[in-house]
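In what follows, a structure is listed as structure tokens, so that the remarks can point back to it.
The values are calculated or read from the model by the stated rules, or taken from the named source; none is laboratory data. Keep in mind that what you see is a predicted model, and the values were worked out from it rather than measured. Note that each Cβ is placed from the backbone with ideal geometry, even for glycine, and that neighbours are counted across all protein chains shown.
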Ligand SMILES: [Zn+2]
């Protein structure tokens, strides 16, 4: 297909990301979205073709849309315009949020459905304590007028836990979004497992959470940007399964 070098690279990265989400069990039939900004085209975004499974997404069948969800150029597939509503709101108002995902994984939805949300009871949860925003459920998120409240509730955070619904993770880059989604998913899975044991959970103190968050950057592979090493590793993993996402 005809597009700029930069757009093709963004298409490859996003298609890989859909396949990785699928491999990790984070896909939701043909629903939910991961969206990215096209780097060299103002007001253009890439999103999944509506009606395809994440395992069927390829670089060339991703759909290019404007901020209102209208298709730019042509596409064999429609987009879930209603589902893009909340992504559009964040992309429009948060210029650092080049990559956004929203998922309905069982563990993250379960934690979003708990009154206290994510609890400081495991290693991964400590990454996020004090850094998550919450937004009360108002019904399916398709009304633009909810946008102002989504943005107000997000405030200065980059992860919005939609109560009774699921998380939205926003980041400057796709690998950064991915690695935060990965750790959040692990935190939620472990919380679900812990609370299911019927014994009191061991809560981690604020002091230890602060130390954990201060030292977290030491975990990154030296000289790399957040998530890049993880994302590249998972790209190799999906390549070993099937390289059709590169089409
Ligand atoms: Zn949703």
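Here are the numbers for this structure:
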item	result
Residue list for region 19-33, restricted to those being farther than 15 Å from residue 245 by Cα and either within 16 Å of the ligand (Cβ to nearest atom) or outside any loop (DSSP other than H, G, I, E, B) (or both)	26, 27, 28, 29, 30, 31, 32, 33
Checking residue 121 against (1) under 18 Å from residue 230 (Cβ atoms); (2) away from the ligand (no atom under 16 Å from the Cβ), the condition it does not meet	(1)
Members of region 167-188 found to be over 10 Å from residue 103 (Cβ atoms) and in a strand (DSSP E or B), listed by number	170, 171
Boolean, residue 233 is modelled with pLDDT of 95 or more, surrounded by fewer than 18 Cβ atoms within 10 Å (Cβ to Cβ) and either in contact with a strand residue (DSSP E or B) (Cβ under 8 Å, 6 or more places away or on another chain) or not in a helix (DSSP H, G or I) (or both)	no
Within region 207-227, tally of residues that are in contact (Cβ under 8 Å) with a residue 40 or more places away in the chain and more than 23 Å from residue 17 (Cβ to Cβ)	4
Residue list for region 148-166, filter: more than 17 Å from residue 104 (Cα to Cα) and either within 15 Å of the ligand (Cβ to nearest atom) or part of a strand (DSSP E or B) (or both)	150
Count of residues meeting criterion [touching a helix residue (DSSP H, G or I) at 6+ places or on another chain (Cβ under 6 Å) and in a helix (DSSP H, G or I)] in region 207-230	4
Condition broken by residue 135, with the remaining ones in (1) modelled with pLDDT of 95 or more; (2) farther than 19 Å from residue 116 by Cα satisfied	(2)
